[in-house]
1. For the stretch 378-408 and the stretch 1-42, what is the separation of their C-alpha centers, rounded to whole Å?
2. Using the crude model of +1 on Lys and Arg Cβ and -1 on Asp and Glu Cβ, and no other charge, please compute the dipole size for the stretch 1-142 relative to its Cα centre, in debye to 20.
3. Taking the Cα centre as origin and putting +1 on Lys and Arg beta-carbons and -1 on Asp and Glu beta-carbons, what dipole magnitude results for the chain, to the nearest 20 debye?
4. Using 30 Å as the Cα-Cα cut-off, could you pick out the over-long pairs in LYS319/LYS567; LYS178/LYS257; LYS147/LYS178; LYS401/LYS556?
5. Residue farthest toward the positive end of the dipole of the stretch 280-415, with Cβ of Lys/Arg at +1 and Asp/Glu at -1: which of PRO398, ASN413, ALA305?
6. Quick one: dipole size for the stretch 277-352, taken about the Cα centre, charges +1 on Lys/Arg Cβ and -1 on Asp/Glu Cβ, in debye to the nearest 20.
7. From zero outward in steps of 10 Å, how is the percent of C-alpha pairs of the chain spread across the bins?
8. Picking from MET258, ILE278, GLY329, whose Cα lies most toward the positive end of the charge dipole for the stretch 220-341 (charges on Cβ: Lys, Arg +1; Asp, Glu -1)?
Amino acid sequence: MPTYKAPLRDMRFLINEVLDYPAHYAGLSNGGEATPDMVNAILEGAATWCEEVLAPINLSGDQEGCHFNAGEVTTPTGFKEAYRQFVDGGWQGLSFPTEYGGQGLPTSLSLFRTEMMGAANWSFNMYPGLSLGCINTLLRYGTEAQKSLYLPSLVSGEWTGTMCLTEPQCGTDLAQVKTRAVPQPDGSYKLTGTKMFISAGEHDLAGNIVHIVLARLPDAPAGTRGISLFVVPKFRVAKDGSAGQRNTVSCGSIEHKMGIRGSATAVLNFDEATGHLIFEPNKGLEAMFTYMNTARIGIAIQGVAHAEASFQGALAYAKDRRSMRALSGKKEPEANADALIWHADVRRMLLTQKAIAEGGRAMIYAAAQTADLMFNATLENDQASYDHYDNQLGFYTPILKGFLTEMGLEAANIGMQVFGGHGYIHEHGMEQIARDARISTLYEGTTGIQALDLLGRKVLIGTKGKCVREFTRIMLRLARANLFARGPIGTMARSIMKRAMEWNMLTLRIMLRAGKDRDLVGSASVDYLMYSGYVMMGYFLALQAEKAQTLMLSGKGAESVDFYRAKIQTAAFYFDRVLPRADAHRKSALAPTHSLMQMDNGSFAFA
Ligand SMILES: Cc1cc2nc3c(=O)[nH]c(=O)nc-3n(C[C@H](O)[C@H](O)[C@H](O)COP(=O)(O)OP(=O)(O)OC[C@H]3O[C@@H](n4cnc5c(N)ncnc54)[C@H](O)[C@@H]3O)c2cc1C
C-alpha cells in the first residue's frame, strides 16, 4: 500500500515563490490572518492529520465499503472517529464566515487542504466535500432564517450536506427533473420524488444531513426554466437550530461501485418531505450554476490528488524493485539487477505522473487565487470585480475539471503500469487509486459536458474568444521576458509564444466554421478542451521552471538547488514529450464533421 506524504515543499514553492500568495492574501479583506506562519501551520497540521489518520484507513475503507441496512448506512471502520477529529479540529469552517462559526480565511486554504485529504483518502473527503456545495448555496441564496438555522451546524461539520440533482432518468439533462414540490399553507413545501447517485446522501458520521434539492413547482414551465431549489433536512430543524423530528426522506439503497467505495452513494426517496424554497421560484438552476465553478474546481483537485498519490507509490516502487540492466550499462553493479527507475520507459512514466501532479497543482493554485478574489469582491460589494473574476474562473473551470481529471486518471493508470502485474493486485493500493480516479471524469459534469461548456458557452458564445485572448496575454508576458534566454527556459518561452498564437488561431478557425456547420462545436469540443489543458499546463510548468531558475541563480530561494533543478527538468520533459500531444488534438478539433456524422445509426453494428 503506498504511504502518503503531503508534498509540502512543492506546495510552499507554489504558494510563496511562484504565485506570491503572501502578497495576494495581504490584498484581501479576509486575508489579514493568513500570514505565512499561519498558512504554514495550517498546511503542516492538515498534512500530519492526512498522513496519520486518513491515509491508513484508505485501503481498509475500500475493502470494507459502506453497508446498507433498513435505510441506515454504516461507513467503514475508522471513518467515524476520523470525522470526529475533522470536526473537533475546526477543519470544515476554515474558509467560511466567522458569523457562522467559521474561521473566515480565504477559500484557497480549503482547496490546499482538500488536495491532501483527497490524496490520502478521497472516499472520506467526499463527506465534508459535499457539504461545501450545500453551505455555499445557502450562504449565497438562503434567507437569513435559513442561514441561521442551518449554517452554524454545517460550518462546524456537526451536520453534513448533499446536492440532490440527479434522478433515474437524468443526470446531465436536468431539464428532465421530475421531483415535485407542492406549496403548503405555512410557507413550506412537500417534496415527492426519487433522487439517485447522491453522495453522502445517508451515513453515520453526522447528527443531521441537509439536502439541497432540485424540484418542480406544480405550475412550473417545462424544461430548465421550471426548476426550483429547496433545502430539505433529514431531521427537521427546531427554531433553536437543533435536529428534531425525522423528515420523510429515506435512503432506499446505496450503489455498489467500481471505486470510492468508502463514500456512500445513495438513492433517496422523498415522500412528501418537508422543505423550504431557496432563492426565487423557477430559478434553481441559475442559482446552482453560480456555485458550480468552485464545486468543479473541487473535482479538478481529485485529478491532482490521484496523480500525486499514484506518483508517490510508483516512485517508491521504481526505486526498490529491480529488473535487468539499464541499456546504457550497469547502474548498480553491486546488485543483481538495476532498479526500475534506471529504465528510460519507467522514467517516462514517472516523469509524466510528476508533471501532471505539479503542473495540475499550479493550475489549481492559480485558479484558487481567482476564487479568493471573487469572494473578496462579494465582501467589498464590488459587482464589477465579482463579474470579472467570475468570468475568469468560469473559463478556468471546465479546463481544470475536464483536463485534470482525465490526466489524473492517466497518472493513476501509469502508477499501476510501473508496478507491472503487482499494480493489478488489490493489496498494493495502486489499482484502488485508478478505480477511485475513474469517477472524476464522470460526475460534476462529464468531460464531454465540460468541453461543451468551455467551447460553446465560455469561449464562443460567452466571450467570442476573449477569455482565450486574455489568458494567452499572460502566457505571452512570460514568453517575451524569456524569449532570448539560453537553455531550456528559452526553448520553453519560444514554445509558449507559438502555442499562445496557435490557441487563438484554433479558436478563430473553429468560430468561423461553427457558423456554417452546427455539429462542429460538439465534434471539436473534447479535443479543444484537451488542447487547452495541455497548453495551459505547459504555461504553468514553464512558469515554475523560470522561477526555479531565477531562484537557483540568485541563491535567494527557500529550496535546495536540486529541488529547483528538478523543476526545470520536469518542465523540459513535459515540453519535449507530453505537450506535442496538443498537436494531435488541434488537428482533430479542426477535422471536418463529415466522417463523424455520416454513418446511419443502424450501421454502427451488424449482428
Ligand atoms: C459515484 C457517483 C456520485 C455522484 N454524486 C452525485 C451527487 O452527489 N449529486 C448528484 O446530483 N449527482 C451525483 N452523481 C451523478 C452524476 O453527476 C451524473 O451521473 C453525471 O452528471 C452524468 O449524468 P448521467 O449519469 O445521467 O449520464 P447521461 O447524462 O445519461 O450521459 C451519458 C453520456 O452521454 C453524454 N451526453 C449527455 N448529454 C450530452 C449532450 N447534450 N451532448 C454530448 N454528450 C452528452 C455524457 O457526456 C455521457 O458520456 C454521482 C454519480 C456517481 C456515479
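1. For the stretch 378-408 versus the stretch 1-42, the Cα centre distance is 20 Å.
2. On the way: 7 positive and 15 negative charges, 40 e Å.
In total the dipole reaches around 200 debye.
3. 2040
4. Working: LYS319/LYS567 20 Å; LYS178/LYS257 25 Å; LYS147/LYS178 27 Å; LYS401/LYS556 35 Å.
Over 30 Å apart, Cα to Cα: LYS401/LYS556.
5. Positive-most Cα among the choices belongs to ASN413.
6. On the way: 10 positive and 8 negative charges, 74 e Å.
Roughly 360 debye, rounded to the nearest 20.
7. Computed distribution, short to long bins: 3, 16, 26, 27, 18, 7, 2, 0, 0.
8. Towards the positive end, the residue furthest out is GLY329.
Quick note: the coordinates plus some simple rules give every number you see, no bench work behind them. Computed from a predicted model, the values in this text were never measured in an experiment. No Cβ is skipped: glycine too gets one built from the backbone with ideal geometry, and neighbour counts run over all protein chains shown.
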